[in-house]
Amino acid sequence: MTFDIEGHKFIVTGAARGIGLAISKRLAELGADVSGWDLETDTMASDRAFTHTAQVDVTDDAAARSAAEASIRALGGLHGMIASAGINGPTKPAWEYTLAEWEQVMKVDLTGVFLSTTAVLSHLIQEGYGRLVIVSSVAGKEGNPGAAAYGAAKAGVIGFAKGLARELLPSNITVNCLAPAITETDLMKQMTPEYIRDKKSLIPMGRFCTTAEIADMAAWVASPRCSFTTGQVFDLTGGRATY
């Protein structure tokens, strides 16, 4: 399956590791050109999956807009963005969160998505085509006890995607979300063992989601073949999600 994205050009945020890296590699395997954004770019510089890399703080409006211009120049155009940058935040009850901890999760997971996607929108609108894919989470649909801030931010990006998708209609620019269950990535380092065991127990398939499964879904949603779906959430939860 090629998904017809050979020669297409994408920006992937949070591309240095985990879900973002897996998506970047899958897009490259399918013949796409990828500009990877991350705060730490050392490992990406020598990775052949990337045509271009940029050190970007997605919570900084000026940095996101400057990086978008640089990526589009380096790639020679743009067909879409996969907004994958995110943090989990502390795993503890909401009443134990400090304001600073809450705001950091919101800045990266919600505001960072807004700044990243809007930085490329003028180009996509001008071209009349685009695919915006936002990595949300089942926590944004169901909530996760112990990670209320994360769930709130991920619910926020679903609402943002649905609203933005409708603002762009009618057009060939789609905006969709992916909602995976807990996935084996570096974000687990921010979680307690008890939290990880609890979330795994909620998955009827009895295992974690893999980054490869998310990457395959992302590649399809970012492709021209996903042409009649916008403002929606693609489930990757092993049977956990009920809607």
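The values are calculated or read from the model by the stated rules, or taken from the named source; none is laboratory data. Here the structure is a predicted model, which is why all the values come from computation and not from measurement. Don't worry about glycine lacking a Cβ; one is built from the backbone with ideal geometry, like all the others, and counts go over all protein chains shown.
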Qualifying positions in segment 1-29 - touching a helix residue (DSSP H, G or I) at 6+ places or on another chain (Cβ under 6 Å) and either part of a loop (DSSP other than H, G, I, E, B) or among the charged types (D, E, K, R) (or both) = PHE3, LYS9, GLY14, ALA15, ALA16, ARG17, ARG26
Yes or no: THR183 under 14 Å from the mean Cα position of the chain (by Cα) and either on the phi > 0 side of the Ramachandran plot or among the polar types (S, T, N, Q) (or both)?
-> yes
Check TRP95 against each of (1) outside any strand (DSSP E or B); (2) touching a residue at least 12 places away in the same chain (Cβ under 8 Å) and name the one condition it does not meet.
-> (2)
Does SER201 count as without any contact (Cβ under 8 Å) to a residue 12 or more places away in the chain and hydroxyl-bearing (Ser, Thr, Tyr)?
-> yes
Residue that is closer than 20 Å to LEU202 by Cα, of a type outside the set (A, V, I, L, M) and touching a strand residue (DSSP E or B) at 6+ places or on another chain (Cβ under 8 Å), where the choices are THR117, THR183 | THR183
Just checking, which of ALA119, ALA68, ALA74, ALA85 is in a loop (DSSP other than H, G, I, E, B) and in contact (Cβ under 8 Å) with a residue 12 or more places away in the chain?
-> ALA85
Is it fair to say LEU164 is modelled with pLDDT of 95 or more and not in a helix (DSSP H, G or I)?
-> no
Report whether or not LEU169 is at pLDDT 85 or above and surrounded by 15 or more Cβ atoms within 10 Å (Cβ to Cβ).
-> no
Filtering segment 6-37 down to residues that are at positive phi and at pLDDT 95 or above, which residue is surrounded by the fewest Cβ atoms within 10 Å (Cβ to Cβ)?
-> GLY7
Among the residues of segment 133-153, count how many are out of contact with any strand residue (DSSP E or B) (no Cβ under 8 Å at 6 or more places or on another chain) and assigned to a helix (DSSP H, G or I).
-> 8
Exactly one of ILE82, ILE72, ILE87 is of a type in the set (A, V, I, L, M) and touching a Phe, Trp or Tyr at 6+ places or on another chain (Cβ under 7 Å), and that one is ILE82
